[in-house]
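What follows is a short report on a single structure.
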Amino acid sequence: MPIELREARRGEELAVADIHVRSWQEAYRELMPAEFLAGLDPRDRAGRYTFEADGAAPTTVVAVEAGADGEDGPIAGFATFGASRDDDARGLGEVYALYVDPDRHRAGVGRLLMAEVRRRLAAAGFTAAILWVLRGNTRATDFYEREGWRPDGASRIEQPYGIVSTVDRFRRPLG
């Protein structure tokens, strides 16, 4: 089914959160406690999204299946991006999140989303961008490296939902 990209719309928060949660449950099953992953609820995550807000909010682009009747089909993935939040990477763009429905892996959705994010960040005047990857997430690391991202040597400890994790930063020119 053909995929179309567009900005997320108000009312799609739960659909985006569902992909986010299912992606974590699939990708992090060997990296985070099973009880924690099983307890993730898209309804809890949905309130963290703000679509169609003022220009200060990050941008979220969704990949939707193009319906034959002109209506959007289900969301197949999403990417959220904006200016870097890191003090040592001011002036760069940042990919805050990129998740694809686990049932759509290897269908090109991630590549389409990443190309659109790079295009939009470059159009906004950024010459390079960063993103953070959970250490041990080899599927994501392999994908980003195929897309031209390289580790830049920065890492940090994060505690999403109280789970202690190490993340590594990747960087890529946007030209």
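Read-outs throughout are calculated quantities, based only on the coordinates presented, and are distinct from any laboratory measurement. The structure presented is a predicted model; accordingly, all values stated were derived computationally and were not measured. Cβ sites come from the backbone with ideal geometry, for glycine too, and all protein chains shown count toward neighbours.
Tabulated data
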{"read-out": "Distant-in-sequence amide H partners of Ala154 (H built 1.01 Å from N, under 5 Å)", "value": "Arg169"}
{"read-out": "Selection from Leu134, Pro33, Ala17, by position along the positive dipole direction of the chain (Cβ)", "value": "Leu134"}
{"read-out": "Segment 1-89: proportion of alpha-carbon pairs further apart than 23 angstrom, %", "value": "35"}
{"read-out": "Length-normalised contact order of segment 3-131 in % [C-alpha pairs under 8 Å, at least 6 apart]", "value": "25"}
{"read-out": "Long-range amide H partners of Ile3 with built H, under 5 Å", "value": "Ala66"}
{"read-out": "Value of Rg to Rh for segment 98-175 (Rh from inverse mean 1/r over Cα pairs, i.e. Kirkwood)", "value": "0.98"}
{"read-out": "Nonlocal amide H pairs with Leu174, under 5 Å, H built at 1.01 Å", "value": "Ala128, Ala129"}
{"read-out": "Gyration tensor (Cα) of the chain, equivalent ellipsoid semi-axes in angstrom", "value": "23, 21, 16"}
{"read-out": "Calculated from backbone phi, Karplus (6.51, -1.76, 1.60) coupling profile of segment 159-175 in Hz, x at Gly/Pro", "value": "10, x, 6, x, 8, 6, 9, 9, 10, 10, 9, 10, 9, 8, x, 9, x"}
{"read-out": "Radius of gyration and maximum dimension Dmax of segment 78-129, Cα, Å", "value": "12.1, 36"}
{"read-out": "Percent of alpha-carbon pairs separated by more than 16 Å within segment 1-52", "value": "49"}
{"read-out": "For His105, His20, order by how many other beta-carbon atoms lie within 10 Å, fewest first", "value": "His105, His20"}
{"read-out": "Backbone HN-Hα couplings from phi across segment 100-106 [Karplus 6.51/-1.76/1.60, Hz, Gly and Pro as x]", "value": "10, 3, x, 6, 10, 4, 6"}
{"read-out": "Residue-wise HN-Hα coupling along segment 82-90, computed from phi with Karplus coefficients 6.51, -1.76, 1.60 (Hz; x: Gly, Pro)", "value": "x, 6, 4, 9, 8, 4, 8, 9, 4"}
